[in-house]
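Engineer: Mind having a look at this structure? Questions to follow.
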Amino acid sequence: MNNHSTQKKAIVVGAGLVGSLWAVFLARRGYQVEIYERRSDMRTAGYTGGRSINLAMSERGWKAVEKAGIREKIEKVAIPMPGRMMHSASGELTFQPYGKAGEAIYSVSRGGLNLELLNIAGEFPNVQFFFDHRCADVDLEHPRITFEDLKTNAFKTVDAPLIFAADGAFSAVRYAIQKTDRFNYTQFYLEHGYKELSIPPGPDGSHRLDPSALHIWPRGNFMLIALPNADGSFTCTLFLPFEGEVSFEKLTDNAAVTAFFQRYFSDALAQMPTLLEDFNTNPTSSLITVKCAPWQWQNRILLIGDAAHAIVPFYGQGMNAGFEDCTILDAMHDDLGGDWSKIIPQFAQQRKADGDAIAELAQRNFIEMRDLVADPKFLLRKKIAAHLHERHPDFLPVYSMVTFSNTPYHVALREEDEQNRLFGQILGLENIEQAWTGDAVEQVFNRWKQGGK
Ligand SMILES: Cc1cc2nc3c(=O)[nH]c(=O)nc-3n(C[C@H](O)[C@H](O)[C@H](O)COP(=O)(O)OP(=O)(O)OC[C@H]3O[C@@H](n4cnc5c(N)ncnc54)[C@H](O)[C@@H]3O)c2cc1C
């Protein structure tokens, strides 16, 4: 056994959502944790952030925050969204439940959640924070890390026998590993970018739209979404191609932005008094998918969260997947007696298929959100899937599998391909629009279930 493999000191790079949660898990197990973060300490600098940015949290995320002991705190400010509210171009509304009664995804504040995680990590005497410290270089052989203190511009190098890299999609630690032999790396930018906008609270402080839904304005190749915040506002995100006929590059002045919203999102526009200010102030950001392997270096450096698997946000699973990394690693710690020389390679090997699967599912869900949610055939499929689930509780629609269960993502992806085949047959049945609860559907389903899969 290497001497690093059971020692109780760990370095975490990045105190974002995943790094700060993982620090809590390590601290609970009695590790001496040093956590280095490029940004300032939001506990003292405050998370004003100006705008509130929110995330959809689902089962995998809840499971992890529960283990960290902060579920109740987060629950108090989380807003349940049991379904999608679709806004048609003419302003008609259609509600589509995400799962069965009682199931919901939750809108949580990114800053609020990060702050809670830092607070709880900070309660452990064995956690030491180093904010305003940028990871500048990793000497893999030693291994040791060089950080730049962004307040003084001084560099310092620390020995780091056990490193968890939670420094996000553009991970500096991963960049060091990328230069080594037989490390695979791909990155892929979507042709769409995104911009965050806002629907402020109404004059009486209440939400201007129904807060118990994730709102979507699907428009084929692009879309607008809105998630509620606890303060009565909504954070909206416009997903639009960077270039082309209808794109960010065409929205060059206020008149063009207003005309675009008037044409495609007129009911939203009516609730967006700060649209032009938001549009001009907030950046247009890109969306990247990162795949790499192995997620580790010589059993002593492990990539977790977006550093290992950055995905597009259309399944609302990026953070949930990163949080699940923590849950799984923690369970492996028990199973493998805390021996990192076993945990790290096993995690990296086993979890990789799940990272790839959720990346694929997230890409596919973009098409569902921006386009299919407005397609009658797709809505019918959802209805039949819910009906089958009610009749056969062990039949779980893939969305539920990903969102409301802890089924490994690679199993959910396999199931999606199987279910696509099933629904291909069902939707091809004669008169299916009327007969969707009929015997013919049941027969196709039973054949599929008995190995026609
Ligand atoms: C528009 C959008 C919407 C999303 N919506 C959802 C959603 O609804 N649900 C969901 O589950 N996920 C969502 N995600 C994904 C989610 O944001 C990420 O998966 C999650 O933030 C990953 O957490 P992380 O800690 O791995 O990385 P990050 O949150 O990126 O944190 C990395 C941390 O490392 C620090 N850092 C970076 N480089 C260095 C360095 N060199 N030295 C020191 N520190 C460094 C950063 O400052 C940061 O604090 C969304 C993403 C986007 C872009």
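Engineer: What tally of residues in segment 287-306 results from selecting those that are within 9 Å of the ligand (Cβ to nearest atom), under 18 Å from V12 (Cα atoms) and surrounded by fewer than 22 Cβ atoms within 10 Å (Cβ to Cβ)?
Structural biologist: Residues flagged as within 9 Å of the ligand (Cβ to nearest atom), under 18 Å from V12 (Cα atoms) and surrounded by fewer than 22 Cβ atoms within 10 Å (Cβ to Cβ) within segment 287-306 amount to 0.
Engineer: What is the residue count in segment 155-191 for residues that are more than 15 Å from the ligand (Cβ to nearest atom), more than 26 Å from the chain's Cα centre (by Cα) and part of a strand (DSSP E or B)?
Structural biologist: Final tally of qualifying residues: 1.
Engineer: Of the numbered conditions (1) under 30 Å from E103 (Cβ atoms); (2) away from the ligand (no atom under 14 Å from the Cβ), D139 satisfies every one except a single condition; which is it?
Structural biologist: It fails just one condition, (1).
Engineer: Please determine whether any residue of segment 394-411 is part of a helix (DSSP H, G or I) and more than 20 Å from the chain's Cα centre (by Cα).
Structural biologist: no
Engineer: Of F124, F129, which residue is among the hydrophobic types (A, V, I, L, M, F, W, C), within 21 Å of R43 (Cα to Cα) and within 12 Å of the ligand (Cβ to nearest atom)?
Structural biologist: When all the criteria are applied, what remains is F129.
Engineer: Right, another one. Determine whether A385 is under 27 Å from T237 (Cα atoms) and small (G, A, S).
Structural biologist: So A385 fails the test.
Engineer: With respect to R414, determine if the residue is in contact with a strand residue (DSSP E or B) (Cβ under 7 Å, 6 or more places away or on another chain) and surrounded by 14 or more Cβ atoms within 10 Å (Cβ to Cβ). Give the steps one after another, and end with the answer.
Structural biologist: Details: in contact with a strand residue (DSSP E or B) (Cβ under 7 Å, 6 or more places away or on another chain): no; surrounded by 14 or more Cβ atoms within 10 Å (Cβ to Cβ): yes.
So R414 fails the test.
Engineer: Sticking with this structure for a sec: So which residues in segment 35-64 are at pLDDT 95 or above and assigned to a helix (DSSP H, G or I), if there are any at all?
Structural biologist: The answer is E59, R60, G61, W62, K63, A64.
Engineer: Hey, any hits in segment 90-111 for a residue that's more than 19 Å from the chain's Cα centre (by Cα), under 30 Å from W340 (Cβ atoms) and among the acidic types (D, E)?
Structural biologist: no
The values are calculated or read from the model by the stated rules, or taken from the named source; none is laboratory data. None of these values were measured; they are calculated from a predicted model. Don't worry about glycine lacking a Cβ; one is built from the backbone with ideal geometry, like all the others, and counts go over all protein chains shown.
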